[in-house]
1. Kindly provide the set of residues from region 31-47 that are assigned to a helix (DSSP H, G or I) and within 16 Å of the chain's Cα centre (by Cα), ordered by number.
2. Within region 149-157, identify whether any single residue is part of a loop (DSSP other than H, G, I, E, B), at pLDDT below 95 and open to solvent by 70 Å² or more (accessible area, probe 1.4 Å), and answer yes or no.
3. Would you pick out the residues in region 56-75 that are among the hydrophobic types (A, V, I, L, M, F, W, C) and either touching a Pro at 6+ places or on another chain (Cβ under 9 Å) or open to solvent by 30 Å² or more (accessible area, probe 1.4 Å) (or both)?
4. Take L80 and decide whether it is in a strand (DSSP E or B), at pLDDT 95 or above and either hydrophobic (A, V, I, L, M, F, W, C) or under 18 Å from the mean Cα position of the chain (by Cα) (or both).
5. Could you list, in sequence order, all residues of region 76-122 that are of a type in the set (D, E) and loosely packed, with under 14 Cβ neighbours inside 10 Å?
Amino acid sequence: VVMLRVGSKCMDDSSRSLDIVNVVDSVFKGVQESGSCSRHLVKVVPLQRTCFAGPDEIEEEIKPLIKAHFSSPTTFMVALKRRNNCKFDKDAMVSRIVDLVGVSHKVNLTNPDKVIILEINQSLAGISITDNYLNYSEYNIRKHQETVLKQTQTQDKSESRSQEVLKEA
């Protein structure tokens, strides 16, 4: 696991902000368009906030993100991954996050509009709210590449079948 900190301002131009979710989305769109990816890169998770992996600290960091992303009623899920920290209570944290989001938003584990990502690694927590978590194979580039290749092969097969039908007619 490698965590890279990206500043809130892009390079030296203080008028432009760098949104890490858009950066990661562009990586996955590139994989969709080209069908290839880096052999050294397996998973890229955009983390908008980081903090100590304590429930109170996580709650303080996630409140502004929830306020920014949950203005109108929508569906969501919480994707919590815990690594090298067996004392962190996943279920309690998920229920706290669901309470923070509120009752006007419904939990949907199969096809959510938004996904709250919480990555716990030892004593650090990374938090993000995204729209493409499941579309991009949980931000796993290799899995996403395999999905794109399968879709391409399926489209190619259906196109060749339709061409065969046209030739027979």
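1. V31, Q32
2. Scanning region 149-157 turns up no residue that is part of a loop (DSSP other than H, G, I, E, B), at pLDDT below 95 and open to solvent by 70 Å² or more (accessible area, probe 1.4 Å).
3. Answer for region 56-75, where residues must be among the hydrophobic types (A, V, I, L, M, F, W, C) and either touching a Pro at 6+ places or on another chain (Cβ under 9 Å) or open to solvent by 30 Å² or more (accessible area, probe 1.4 Å) (or both): just A68.
4. yes
5. Matches in region 76-122: D89, D91, D99.
Yes/no per residue for (1) within 25 Å of E33 (Cβ to Cβ); (2) touching a residue at least 60 places away in the same chain (Cβ under 8 Å):
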| position | (1), (2) |
| --- | --- |
| T75 | no, no |
| A79 | no, no |
| F88 | no, no |
| D91 | no, no |
| V115 | yes, no |
| I120 | no, yes |
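The values are calculated or read from the model by the stated rules, or taken from the named source; none is laboratory data. A quick note: this is a predicted structure, and the numbers were derived from the prediction, not measured. Quick reminder, even Gly has a Cβ in these numbers, built from the backbone with ideal geometry, and neighbours come from all protein chains shown. These area figures cover heavy atoms from the full protein model, side chains too; ligands, DNA and RNA do not enter into them. Shrake-Rupley method; radii C 1.70, N 1.55, O 1.52, S 1.80 Å.
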